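Report on the following structure.
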Amino acid sequence: MFLLRQAVSNARQLAPSVRAMSSKGPLVDLTVDNDGVAIMTLQRPPVNSLNLDLLKEISKSLDDVAKNKSRGMILTSSSPTVFSAGLDIMEMYKPDMKRAEEFWTTLQDVWFKLYGSSFATAAAINGHAPAGGCLLSMSCE
């Protein structure tokens, strides 16, 4: 038990501004600092194209930020040259109708959550953001 306490204490000294709330999915990394500012990082290589799985994780992360009563959120990308390339074209190529409906409903849900959030949102655009990437960034403040 002593070793666990010591490890936690050392970690807090190394990163004092990072709060305990953190979730890392395969496609979205969400951290919240001590000031209540969340950072949501898109990480779907190579260009963060928006497929159903990524949109679901963004939606869940937005719910987590709202539940945590964060003061604000910064939406950014793990890619140094592309914020988001937009909608994943494979979601629309020979789509299964049920999946296509879920895709468009989830996209609209993400857009409404970003645009109508009770917390301040900002997009840190670190590269190209055409089409759906532009939609995400323009939904922020």
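Computed quantities for the displayed model
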item: Relative contact order computed over the range 18-139 (Cα-Cα under 8 Å; 6+ residues apart), in percent; result: 27 percent
item: Gain upon complete extension [LYS24, GLU102; 0.36 nm per residue less C-alpha separation]; result: 25.8 nm
item: Pairs from LYS24/LYS98; LYS69/LYS113; LYS56/LYS98 whose Cα-Cα separation, in the structure shown, is over 23 Å; result: LYS24/LYS98
item: Separation of the ASP33 and ILE74 label points, Cα + 7 Å toward Cβ, nm; result: 0.6 nm
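No value in this document is a laboratory result; all are computed from the given coordinates. These numbers were taken from a predicted model, which means no experiment stands behind them. Neighbour counts run over all protein chains shown; Cβ positions are idealised from the backbone, glycine included.
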